[in-house]
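Heads up: the structure comes next, in structure tokens.
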Amino acid sequence: MSADTGFWRRCSSCKKEIGFQATHWVCSVSTCNRKRTGLVFCSTSCWDAHLPTMNHREAWAEERRSPTREAWAREQAEETAPRAPAAPAAAPKPVPRSEPARILVRPAAAVRAPEPPQDILVVVSKLKAYVRARSGMNTADAVAEVLSDRLRRLCDEAIRRAGAEGRKTVLERDF
């Protein structure tokens, strides 16, 4: 919109002209207030008309005042002004080396793996349902921790077997 027209913008709903320094309403939802969207309304009833289309969960109309003709002209001039291209970044100069770069490799045994989390490894509800279906008995909550510890030991042994065979995948035969 050019600053030389007699109004600032048009209502996004009814297309009525909104003048300079006039009261208008905007939607409180951020997607309606983005620069590209920029919805403005001449009245709260026009704002209310956009709600069914936008399907907002919670929104309200915020009262605003449009800019002066001069402020709007400055804003438009800033947007249309050609921007100077950014200076190309200078490529970093290679550092001359008298000897080849070295790569330090630690032996696998020296690298300490972080301690695995001690979470519960079984689905407790499924465990309790299985015990009840098989025996009609209840299962204590502490059983899940004990079972997870045993499962960890089984997994550690399977990991050791897979590693001894030079594999990086634990297979069913490792158990």
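Read-outs throughout are calculated quantities, based only on the coordinates presented, and are distinct from any laboratory measurement. Bear in mind that the values here come from a model prediction, so they are computed numbers and not experimental data. Here the Cβ is made from the backbone with ideal geometry for all residues, glycine too, and neighbour counts use every protein chain on show.
Structural remarks
- Projected area, mean over directions - the stretch 9-80, Cα convex hull, nm²: 4.8 nm²
- Annotation note: GluC sites (Glu not before Pro) in the stretch 28-75 located in DSSP loop regions with a Cβ neighbour count of at most 11 within 10 Å are Glu58.
- Residues whose amide H falls under 5 Å from that of Arg10, counting only those 5 or more places apart or on a different chain, are Ile18, with hydrogens built in the peptide plane.
- Ordering Ser135, Ser66 from the fewest to the most neighbouring beta carbons within 10 Å gives Ser135, Ser66.
- Förster radius 25 Å - calculated FRET efficiency between Thr80 and Asn33, Cβ distance, rounded to 0.05: 0.70
- Shape of the stretch 124-174, Cα gyration tensor, a/c cut at 1.5: prolate
- For Ile120, Ile18, order by how many other beta-carbon atoms lie within 10 Å, fewest first: Ile120, Ile18
- Total charge dipole magnitude, the stretch 124-174, about the Cα centre, Cβ charges on Lys, Arg, Asp, Glu only, Debye to nearest 20: 160 debye
- Fewest-first ranking of Ser45, Ser30, using other Cβ atoms within 10 Å as the exposure measure: Ser30, Ser45
- A Cβ-based charge dipole, computed about the Cα centre of the stretch 9-80 with Lys and Arg at +1 and Asp and Glu at -1, lands at about 180 debye.
- Whole-Hz ³J(HN,Hα) from phi, Karplus 6.51 cos²θ - 1.76 cosθ + 1.60, for the stretch 73-80, glycine and proline x: 5, 4, 4, 5, 5, 5, 6, 8
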